[in-house]
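Let me begin by presenting the structure, written as structure tokens, before commenting on it.
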Amino acid sequence: MAVPAVKESSAPAEAEISSNEAPLFDVGIDRTEMGKPDSFRYNISCWILEERYDRAIEELKEFLEKDSEYPNFKDKVGRYVSHSIDLIYAIKAKRSFPGINSLTRAKQQELREKFKGHFKELQSILKVIEKIQTDLRIQDVRSTIYVVKALWIAGLAIVLLAFWLDVYHGLAKTSWVVFDDTFGQLANWLAEKTGF
């Protein structure tokens, strides 16, 4: 995943427009709240804040289409990704609303609040997607642990069975022969001593 470049404008007109729009569409989010740098959530959030909506949508679609090591990953994440794309389109519509400067302050504030709501909802959905990934990873590790435990228990059972069979067929029979021979010799010795 490519990390979005920080948007820098050298033209004074662009800086003036950005400074007019910045308070209007300021999300009030700290970059640390967007996740780890170069993470899925961070990249999508940066693309949105930099108004590169098509790149964010493209990255979401690539994320959904890439091969996953978990078979049910696309089923669990698909609806969240499509909802995220819808939210990006809604954010784009709010930020590129024609004639925004001609609106009343109340309408501008309403537009700003809707933008913030969509952005925060997008953030929470991206967190859910990351949590699903983590949960699937943990589930995979747990299933691996169960398989390793099952193999260990099966190996231990085989060793114990082999030991029991060896004792029963080898040592037990040998012990019986030794015990029978010892008992026979003791009986013969007692018979000689007693005179029977």
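Read the figures in this text as sums done on the coordinates, not as results from a lab. Everything quoted here is computed from the prediction, not taken from an experiment. Every residue, glycine among them, receives a Cβ derived from its backbone with ideal geometry; neighbour counts consider all protein chains shown.
Mind scanning K66/K94; K94/K116; K107/K127; K76/K116 and naming the pairs with a C-alpha gap bigger than 20 Å? Over 20 Å apart, Cα to Cα: K66/K94; K107/K127; K76/K116. Taking Cβ atoms as reference points and 13 Å as the exclusive limit, the residues near I132 contribute a net charge of +3, counting Lys and Arg as +1 and Asp and Glu as -1. From most to least packed by mean Cβ count within 10 Å, the peptides 50-61, 139-150 give 50-61, 139-150. Taking 0.36 nm per residue of sequence separation and removing the Cα-Cα distance, the H169/R142 pair yields an extension gain of 5.7 nm.
For the pair region 137-155 and region 56-132, the centres of their Cα atoms are 38 angstrom apart. Computed extension length for A93-T134: 11.5 nm, one decimal, from 0.36 nm per residue of separation with the Cα-Cα distance subtracted.
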